[in-house]
Amino acid sequence: MRFGRIGPNGSVVLEDRPAPVAGPDELTVRLAACGICGTDLEKLRGNYRTAGVLGHEPVGRVDAVGDRVRDFRPGDRVFVHHHVPCLACEVCRRGDTTFCPTYATTNLDPGGFAESFRVSAEHLAKGAALPLDPSVDWRAGALLEPAGCALTALRKVGVPDGASVLVLGLGPVGLLYARLARALGASWVGGTEISELRRRTAESGGIDLTVDPREAGAVHEAVARATGGRGVDLAVAASGHPSVVRTAVEEVRRGGTVNLFGLPESGSRLDADLQQLYLRGVRLVPSYATTEREIRDVQGLVVGGKLRLSDLVSHHLPLEQVAEAFRLAARPDDAVKVVVTGAAFDA
Ligand SMILES: [Zn+2]
Ligand SMILES: [Zn+2]
């Protein structure tokens, strides 16, 4: 079978390898769709750990089922989460399962950009395979994981009813943050984004205001107007660039929260006025990845009509064009969410 892996000089290449085989407690899944994530792009740049594996937002149809697997049958539509925590270490026992040292070492074989991938016994035992509701199409399914990441973060920091939320960076995850913040009860949601296409996409999804951060003073003015000069309750740094974190700290209210989500460059430093941070009592809360519970709850919001996902997929390309799909995903002016499709996509 064919699968997409990291090639030379930040490229993605298609390679042939034997199709994975399901052990007695395992599944294999035929790919329908897998989204390209910002972290996949960072892996190509060598700016991210677990550099070997690409593709972690896959949906597809169960293909082979091991003898001892009871809950799945061939043909079932599933989403599969790539990382599972150990549930035994001290970090897991505190409930911070996405920061479990084991979590990021677990993965799908050989990754999500493959005609077929294997789901390990450990993944199945921890509920990583989620049956897709018939009303959730493949595009929406491929957005469950990134939406789960945004929901995990928003629950961690809390979105009080009537909150004002500023999302800095309206890439796919920033757009999901904006929609989820609204669904959780925020009364004002604003966003900053350089790409005009992504600003327009945000506006079609019920965001109150978008701003091009290159316009001097525009972000501050927009926030001041929306909050009576107070600052927002929550500012989300959905990009890892230090300037975004600085703006987030400046625009959040006294005692408000800055959520760090975008992956910063390795070795980058906090660029904010630490005295302001201290005197204004701003909380900095990082959130990484998601858990089975949030992914399930995101699906519930989609099924219940409280969250739209499919329309954020601007392009879908077949696995044979995975290299082109990656080039497109790296162009924010031309694409929002890019999804790579497999044989199960039209089935
Ligand atoms: Zn992702
Ligand atoms: Zn653990």
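The values are calculated or read from the model by the stated rules, or taken from the named source; none is laboratory data. From a predicted model like this one, the values you see are computed outputs, not experimental measurements. Positions of Cβ are backbone-derived with ideal geometry, glycine not excepted, and every protein chain shown enters the neighbour counts. Please note that ligands, DNA and RNA were not included when accessible areas were found on the heavy atoms of the full protein model with its side chains. Shrake-Rupley method; radii C 1.70, N 1.55, O 1.52, S 1.80 Å.
Filter region 73-126 for residues that are within 25 Å of Asp137 (Cα to Cα), open to solvent by 30 Å² or more (accessible area, probe 1.4 Å) and in contact (Cβ under 8 Å) with a residue 24 or more places away in the chain and give the result.
Asp76, Arg77, Asn107, Asp109, Glu115, Arg118, Leu124, Lys126 - these are the residues of region 73-126 that are within 25 Å of Asp137 (Cα to Cα), open to solvent by 30 Å² or more (accessible area, probe 1.4 Å) and in contact (Cβ under 8 Å) with a residue 24 or more places away in the chain.
How many of the residues making up region 262-287 are at pLDDT 95 or above, touching a Gly at 6+ places or on another chain (Cβ under 8 Å) and not β-branched (Val, Ile, Thr)?
Residues meeting the conditions: 3.
Tell me whether region 5-19 contains one or more residues that are closer than 25 Å to Leu309 by Cβ, without any contact (Cβ under 8 Å) to a residue 24 or more places away in the chain and surrounded by fewer than 17 Cβ atoms within 10 Å (Cβ to Cβ).
Start the filter on region 5-19 by keeping residues that are closer than 25 Å to Leu309 by Cβ, which leaves 12.
Next, from what is left, pick out any that are without any contact (Cβ under 8 Å) to a residue 24 or more places away in the chain: none.
Looking through region 5-19, none of the residues is closer than 25 Å to Leu309 by Cβ, without any contact (Cβ under 8 Å) to a residue 24 or more places away in the chain and surrounded by fewer than 17 Cβ atoms within 10 Å (Cβ to Cβ).
Could you name every one of the strands (runs of 3 or more DSSP E) located completely within region 245-347 that has at least 2 residues being free of Cβ contacts under 8 Å to residues at least 40 places away in the same chain and over 23 Å from Arg77 (Cα atoms)? Before the answer, list the steps.
On the way: elements: 252-260, 283-286, 313-318, 337-341.
Where strands (runs of 3 or more DSSP E) fall fully within region 245-347 and carry at least 2 residues being free of Cβ contacts under 8 Å to residues at least 40 places away in the same chain and over 23 Å from Arg77 (Cα atoms), they are 252-260, 283-286.
Any chance region 100-121 includes a residue that's under 26 Å from Val339 (Cβ atoms), more than 15 Å from ligand 2 (Cβ to nearest atom) and hydroxyl-bearing (Ser, Thr, Tyr)?
Checking region 100-121: at least one residue is under 26 Å from Val339 (Cβ atoms), more than 15 Å from ligand 2 (Cβ to nearest atom) and hydroxyl-bearing (Ser, Thr, Tyr).
Would you pick out the residues in region 194-243 that are in a strand (DSSP E or B) and closer than 16 Å to Gly169 by Cβ?
Leu209, Thr210, Val211, Val232, Leu234, Ala235, Val236, Ala237, listed by residue number.
Thr192 passes all but one of (1) within 20 Å of Gly305 (Cβ to Cβ); (2) crowded, with 20+ Cβ neighbours inside 10 Å; which number fails?
(1)
Restricting attention to region 93-102, and to residues there that are more than 16 Å from ligand 1 (Cβ to nearest atom) and polar (S, T, N, Q), which single residue is farthest from Val322 (Cα to Cα)?
So, considering only residues that are more than 16 Å from ligand 1 (Cβ to nearest atom) and polar (S, T, N, Q), the one farthest from Val322 (Cα to Cα) is Thr97.
In region 57-93, how many are within 10 Å of ligand 2 (Cβ to nearest atom) and within 23 Å of the chain's Cα centre (by Cα)?
Number of matching residues: 6.
Restricting to region 231-244, what's the tally of residues that are farther than 16 Å from Leu270 by Cα and in contact (Cβ under 8 Å) with a residue 60 or more places away in the chain?
So in region 231-244, the residues farther than 16 Å from Leu270 by Cα come out as 231-234.
Going one step further and asking which of them are in contact (Cβ under 8 Å) with a residue 60 or more places away in the chain, we end up with 232-234.
Result for region 231-244: 3.
Of all residues in region 103-118, count the ones that are away from ligand 1 (no atom under 13 Å from the Cβ) and modelled with pLDDT under 95.
Here the count works out to 3.
Out of the residues in region 20-36 meeting the condition of being open to solvent by less than 20 Å² (accessible area, probe 1.4 Å) and not small (Gly, Ala, Ser), tell me which one is nearest to ligand 2 (Cβ to nearest atom).
Only one residue fits best here, namely Leu27.
Of all residues in region 201-221 being loosely packed, with under 13 Cβ neighbours inside 10 Å and under 20 Å from Arg182 (Cα atoms), which is modelled with the lowest pLDDT?
The qualifying residue modelled with the lowest pLDDT is Gly206.
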